[in-house]
Amino acid sequence: MSPSVTQQIIGNVCAGLATLVFLVPLQRFLAEWARREVSNDQWVAPALYHLVPLWLLLMVALLCVTASGGFDWIRPNRPLLYALTVAAALALAAVSFVFIALYIRPGFTPRGLYSPVLHLVTLSTVALVVVSLNPKLVQGSFVPWLHRSWAVFAALSLVACVAFLGYRIMTTGVDGVVGITYRILNPGPSSAEMRAEIARMDPETDFQSLLWRTSQDAPDDVREAAIARLRSHPRFLERLSGELDSGYVEPAITFLMSATLTPAEQARFARPARSAMQRWVDRIPAHNYTTKENLRNLKRWGTEVFRVLPGKFAGTGVDFNEVIADLEWRLEQ
């Protein structure tokens, strides 16, 4: 295997750019979405925005490795190797997408299970390209071992993708696979569609649904449209106070965190908001009755609320310090 200068330049530049995409914007994206309470697929489009260029760069780099003879030990002729290289890159991109999904929406599993796999898939591919196109950097048995280990994992990923597609075709037909692809590429309604839906909602009967649409996860224009629609309720102050006094406080607190409150709203909601958060803190389960991941999620949400909420009600005379101290005490037990 003796890569040409052109192959080295193209492959190394693509591997370097892919590493940069992975270590900076993609990690920033993962950190941002890990802090959110995700209940929809709005993360899909930004995930693909990072993942597609990352794996296109790595695909080009892997094709440079193939062109230099890096995979000739597999035996098939060169055109078939090119096809297998493209298929392997697509399969590894699919695996990366799955682990990003698991990382962002881990359920009751530890999020730490998924990040190492995501790093391993990407960085091992970068390492394969670098040592293959720069043979003087590393010599000995490491290079063949890396080639074979990566090839085995890529082959398993490809088999898993083919098996999944085959299963979906058998159970749902081609339309099922097309539907999955469409949902991935079109993860949700556009901002204009969401604003139109909000305009059709009745603040009397859809009050809580509108509250959820004021989440920080929503686009700014959608959030502002939901806030305006809520305030069109003829008894908005009384209705939101009632939501804060009810058992399920998260939607109303979501509104308070997102909206710029008027003086009348500050005066009306300060004490109900404090009481609501005290009830929320009181309901935090003991450590032996829940998972560590759930406690981390509760801590993340509570910390964010108390970072924002006291400032919203500054000057009203309502003190949140006791509730904050209670939250810290419960999470430390």
Debye intensity ratio in log₁₀ form over the Cα atoms of the stretch 35-81, taken at each q of 0.14, 0.32 Å⁻¹: -0.54, -1.07
Sum of side-chain charges, Gln278 neighbourhood, beta-carbon under 11 Å (Lys, Arg +1; Asp, Glu -1): +1
Which of Pro3, His233, Val65, positive extreme of dipole for the chain (C-beta unit charges): Pro3
About the Cα centre, charge dipole magnitude for the stretch 243-309 (Lys/Arg +1, Asp/Glu -1 at Cβ), debye: 260 debye
Kirkwood hydrodynamic radius of the stretch 191-332, Cα pairs, Å: 15.9 Å
Among Ala93, Ser149, Gly242 - extreme Cα towards positive end, dipole of the chain, charges at beta-carbon: Ser149
Rg/Rg_globular for the chain, with Rg_globular taken as 2.2 N^0.38 Å and Rg from C-alpha atoms: 1.29
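Report, in debye and to the nearest 20, how large the dipole of the chain comes out about its Cα centre when Lys and Arg carry +1 and Asp and Glu carry -1 on their Cβ.
Values: 31 positive and 27 negative charges, 155 e Å.
Around 740 debye, computed over the chain.
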At 1.306 mPa s and 10 °C, Stokes diffusion of the stretch 5-185 via Kirkwood alpha-carbon radius, µm² per second: 91 µm²/s
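In nm², what is the average projected area of the convex hull enclosing the Cα atoms of the stretch 78-119?
Here the figure is 3.0 nm², rounded to one decimal.
Rounded to the nearest 20 Debye, what is the dipole magnitude of the stretch 5-185 about its Cα centre when Lys and Arg each give +1 and Asp and Glu each give -1 at the C-beta? Spell out each step's value before the answer.
Numbers: 11 positive and 5 negative charges, 37 e Å.
About 180 debye.
Shape of the stretch 290-333 from its Cα gyration tensor (a ≥ b ≥ c, root eigenvalues): rounded if a/c is under 1.5, otherwise prolate when a/b > b/c, or oblate? Numbers along the way, then the final one.
Details: a/c = 4.87, a/b = 2.04, b/c = 2.38.
It is oblate, given that a/c is not under 1.5 and a/b is not larger than b/c.
Values in this text are rule-based calculations from the coordinates and carry no lab data. None of these values were measured; they are calculated from a predicted model. Please note: Cβ atoms are built from the backbone with ideal geometry, for glycine as well, and neighbour counts cover all protein chains shown.
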